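Scroll down for the structure; my scribbles are underneath it.
The values are calculated or read from the model by the stated rules, or taken from the named source; none is laboratory data. If you're wondering where the values come from, they're calculated on a predicted model, not measured in any experiment. Every residue, glycine among them, receives a Cβ derived from its backbone with ideal geometry; neighbour counts consider all protein chains shown. For accessibility, only protein heavy atoms count, side chains too; no ligands or nucleic acids. Shrake-Rupley method; radii C 1.70, N 1.55, O 1.52, S 1.80 Å.
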Amino acid sequence: MQYFKTIDHLKDWLAENRQKGLTIGFAPTMGALHPGHVSLVEQCHRDQHLCVVSIFVNPTQFNNPEDLQKYPRTLEHDLDLLYAVDTDAVFVPDVTEIYPSDWQAPQVKLDGLDERLEGVFRPGHFKGVVQVMARLLELVCPDYLYMGQKDYQQWTIIHKLIQHLRLPIQLVMSPTVREADGLAMSSRNVRLTPEFRTKAVVIHQAMQWIKKHLHKYTIDQLQEHAAHLINETGLRLEYVGIVDGYDLKSVQQVDQHKKIVVCVAAWAGDVRLIDNLILVDKK
Ligand code: AMP
């Protein structure tokens, strides 16, 4: 596994391999890796010649300084995991490498995607995500980009970014990897107390309840009941949104959408969790 701290070395390696006609897949991460991240690498490996992973805790996407400070950092463990799944290259840049003083993020028209769901509760978050992804994609120029369904809204925004900048990159959505009880794997889960770790499963249960009863109740009733389930367990719900899978606008009539997703954010103690489930996907 190649380990790069600087852009110049990474770029030389990428150019060398591109000349050989090898396809390059890329999975950006913030480290504290778990099997969800590993699944991106494995999928990338199955489909592409080479898999590049970046580990960079992007300060500009944290709207809350305490969240940034508490974000788990486990580089040694991350490198062991990546090595074990035959990752070809790992890029671990410093902040000055990603954001040199003369670099400016492109202005991207997101058509309101960044204002809904997470956008309401984490102002500025997606601006930071777009900034770091624009930079990473400019540096790595992958043929394929692997990102998780776990961060569904982020996926739609990066899809828009790629379209807007007309980048020759195929964006792949990797399915969410869950714990045995249904909790979506997340780097933040290590911060859950044992009590909240047990209770956190209610997020998945509430979304499954919505999926099961989608055609039985109104959207408002579905959202209200899911909110009730989550709050009565002792989590603090921020939102439950049944939204169109493309524009993320609230759904009124289920039969008028090709793709529908339910997205949830809730606090389990002082840990903020997000998750989602695809309810309708008509190909
Ligand atoms: P992060 O390190 O949280 O920025 O995540 C890096 C990438 O891993 C993103 O594309 C996430 O959507 C993806 N990811 C995080 N958790 C999971 C999971 N449980 N299953 C699948 N992909 C995930």
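Between LEU167 and ALA227, the modelled labels are 3.6 nm apart [label points 7 Å from Cα along Cα→Cβ].
Between PHE56 and THR29, MET30, GLY31, the built amide H atoms are under 5 Å apart, and every one of these is 5 or more places off in sequence or on another chain.
A DSSP coil position with no more than 14 other Cβ atoms inside 10 Å describes the following trypsin sites (Lys or Arg not before Pro) in the stretch 169-233: LYS216.
Need one word for the stretch 138-283: rounded, prolate or oblate. Basis is the Cα gyration tensor (sqrt eigenvalues a ≥ b ≥ c); a/c below 1.5 gives rounded, then a/b vs b/c decides. It comes out oblate by the Cα gyration axes. For LEU171, the amide hydrogen comes within under 5 Å of the amide hydrogens of LEU145, counting only partners 5 or more places away or on other chains and with H modelled in the peptide plane. Between GLN19 and HIS159, the modelled label-to-label distance comes to 3.7 nm, taking each label 7 Å out from Cα in the direction of the beta carbon. Between GLN256 and LYS127, take the C-beta separation as r, use R0 = 25 Å, and let me know the FRET efficiency to the nearest 0.05. That pair, GLN256 with LYS127, gives E of 0.20. Taking θ as phi - 60° and the Karplus parameters 6.51, -1.76 and 1.60, the scalar couplings of the stretch 199-215 work out to 5, 4, 4, 4, 4, 5, 4, 5, 5, 5, 4, 4, 4, 5, 10, 3, 9 Hz in sequence order, x denoting glycine and proline. Dipole check for the chain: with +1 at the C-beta of Lys and Arg, -1 at the C-beta of Asp and Glu, and the Cα centre as origin, the magnitude is about 660 Debye.
Subtract the Cα-Cα distance of TRP209 and LYS283 from 0.36 nm times their separation in residues, and report this length gain in nm to one decimal. Intermediate results must be reported in sequence, preceding the final value.
Numbers: separation 74, 0.36 × 74 = 26.64 nm, distance 2.32 nm.
Full extension from TRP209 to LYS283 adds 24.3 nm.
If R0 is taken as 35 Å, the Cβ-Cβ distance between ALA84 and THR6 corresponds to a FRET efficiency of 0.90. In the chain, the calculated helix contribution to ellipticity at 222 nm averages -11500 deg cm²/dmol per residue, counting -39,500 (n - 2.57) for every DSSP H run with n ≥ 4. Beta-bridge orientation, the chain: approximately 50 percent antiparallel, per DSSP, counting only bridges with both partners inside.
In a fully extended conformation the segment linking TYR246 and VAL190 would gain 17.0 nm over its present Cα-Cα distance, using 0.36 nm per residue.
What accessible area per residue comes out for the chain, rounded to a whole number of Å², with a 1.4 Å probe? Each step should come with its number before you reach the end.
Details: 13800 Å² over 283 residues.
Accessible surface, normalised per residue, equals 49 Å².
In terms of the Cα gyration tensor, with a ≥ b ≥ c the square roots of its eigenvalues, is the chain rounded because a/c is under 1.5, prolate because a/b exceeds b/c, or oblate?
Values: a/c = 1.79, a/b = 1.55, b/c = 1.16.
Note, shape of the chain comes out prolate.
Too long at a 27 Å Cα-Cα cut-off: which of LYS20/LYS109; LYS70/LYS249; LYS150/LYS283; LYS127/LYS216; LYS20/LYS282? Working shown, then result.
Values: LYS20/LYS109 36 Å; LYS70/LYS249 32 Å; LYS150/LYS283 20 Å; LYS127/LYS216 38 Å; LYS20/LYS282 39 Å.
Exceeds cut-off: LYS20/LYS109; LYS70/LYS249; LYS127/LYS216; LYS20/LYS282.
Between beta-carbons, use under 11 Å as the cut-off and find the net charge around GLN163, counting Lys and Arg +1, Asp and Glu -1. Before the final figure, lay out the partial values.
Values: positive: LYS109, LYS160, ARG166; negative: ASP111.
With Lys, Arg at +1 and Asp, Glu at -1, the neighbours total +2.
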